[in-house]
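Note sheet for the following structure.
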Protein chains: 2
Amino acid sequence: MPTDRCQCRIVHEQQVEKARRAALPPAEIDRLAQFFKAFADPTRLKILQALHLEEMCVCDLAAFLGVSESAVSHQLRLLRQMALVANRREGPVLYYRLADAHVSQLILLALDHIRE
Amino acid sequence: MPTDRCQCRIVHEQQVEKARRAALPPAEIDRLAQFFKAFADPTRLKILQALHLEEMCVCDLAAFLGVSESAVSHQLRLLRQMALVANRREGPVLYYRLADAHVSQLILLALDHIRE
DNA sequence: GTATCATCTGCACAACTGCTCATATACTAA
DNA sequence: TTAGTATATGAGCAGTTGTGCAGATGATAC
């Protein structure tokens, strides 16, 4: 049992209650965190930024990033699961593209923040 | 030395070149990843969402989140370093607030994505 | 000065992440 | 069928992350 949890009086019970009422459901918070996690890695960010320009295959992305194709494939799976990228098959080659306009928007908004 | 790195031919040299020219500088990519990492944790997301309503002290946040004040303090330091929250002192109490309008925008945009 | 309260910080540890390697799958061509 | 190419997947491992604990810091009251 934690000993330092709120032995202090709660200074503003009202504000805590207000926050509780406005809180998003835990499941939604978790999905949101998972979503942001997809952007929270340099390799994945580079993939997303590259695909913003045009579709690319796994081999292209590996060459662009300078990492193994296996690593790219692992990251693409994660991005697929988050519905951030989609692919289409042309013979043996899979071409990946962004699945959602939100992706570019989010990156631009974040760039605004870190540049100012 | 990796054995599976690009023994295959690069299928689309042009696209790789195009991606290379459009790429953000590595330092900016890293800062961007760090920035998104701040949102990529349920505890920090809850903090940011709570502070969107109004300022709160560390003790309030610990009560709201159900974690130790130490944990809250650790997370607030990280958010401070990313310039996402700011604080003001009133006697012994520190009141935290959001430091930037981008924060709420980003969360709303992400919610759009996961809800559709 | 001492005592108390709110917060911060260093450390340790379990849990998680991203990578490589080895192997499996899917498609094409002969 | 077999061989070769493109991608996917599982295991294992080093590095990172989030938390609680113990102790430190800073402010207030006496």
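Has region A:27-39 got any residue that is more than 7 Å from every other protein chain (Cβ to nearest Cβ), within 13 Å of DNA strand C (Cβ to nearest atom) and either assigned to a helix (DSSP H, G or I) or of a type in the set (A, V, I, L, M, F, W, C) (or both)? For region A:27-39, residues more than 7 Å from every other protein chain (Cβ to nearest Cβ), within 13 Å of DNA strand C (Cβ to nearest atom) and either assigned to a helix (DSSP H, G or I) or of a type in the set (A, V, I, L, M, F, W, C) (or both): present. Here the condition is being within 13 Å of DNA strand D (Cβ to nearest atom), modelled with pLDDT of 95 or more and not in a helix (DSSP H, G or I); of B:ARG44, B:ARG97, B:ARG77, B:ARG88, it holds for B:ARG88 alone.
Within region A:61-72, the residues that satisfy the criterion of being near DNA strand D (Cβ under 9 Å from one of its atoms) and more than 17 Å from A:LEU45 (Cβ to Cβ) are A:SER68, A:GLU69, A:SER70. Among residues that are within 11 Å of DNA strand C (Cβ to nearest atom) and more than 9 Å from chain B (Cβ to nearest Cβ), A:ARG77 is included.
Here B:PRO42 passes the criteria (1) closer than 25 Å to A:PHE39 by Cα; (2) touching a residue at least 40 places away in the same chain (Cβ under 8 Å) except the one numbered (2).
Within region B:77-101, the residues that satisfy the criterion of being buried (at least 18 other Cβ atoms within 10 Å of the Cβ) and within 12 Å of the chain's Cα centre (by Cα) are B:LEU79, B:MET82, B:LEU84, B:VAL85.
Conditions tested, residue by residue: (1) closer than 20 Å to B:GLU90 by Cα; (2) surrounded by 15 or more Cβ atoms within 10 Å (Cβ to Cβ); (3) under 12 Å from the mean Cα position of the chain (by Cα).
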site	(1), (2), (3)
B:LYS37	no, yes, yes
B:PRO42	no, yes, yes
B:GLU55	yes, yes, no
B:PHE64	no, yes, no
B:GLU69	yes, yes, no
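A:ARG5 meets all of the listed conditions (1) at the interface with chain B (Cβ under 7 Å from one of its Cβ atoms); (2) at pLDDT 95 or above but one, namely (2). Within region B:25-35, restricting attention to residues that are in contact with a Leu (Cβ under 8 Å, 6 or more places away or on another chain) and surrounded by fewer than 21 Cβ atoms within 10 Å (Cβ to Cβ), which residue is nearest to B:HIS74 (Cα to Cα)? Result: B:ALA33.
Among residues of region B:52-68 that are without any contact (Cβ under 8 Å) to a residue 12 or more places away in the chain and more than 13 Å from DNA strand C (Cβ to nearest atom), those with a beta-carbon under 7 Å from a residue that is aliphatic (A, V, I, L, M) and part of a helix (DSSP H, G or I) at least six positions away or on a different chain give the pairs B:LEU53/A:ALA19; B:LEU53/A:ALA22.
Would you mind stating whether B:ALA71 is touching a residue at least 12 places away in the same chain (Cβ under 8 Å) and assigned to a helix (DSSP H, G or I)? Judged against the criteria, B:ALA71 is a match.
The values are calculated or read from the model by the stated rules, or taken from the named source; none is laboratory data. Since we're looking at a predicted model, the values are computed, not measured. So basically every Cβ, Gly included, is an ideal-geometry build from the backbone, and we count neighbours across all protein chains shown.
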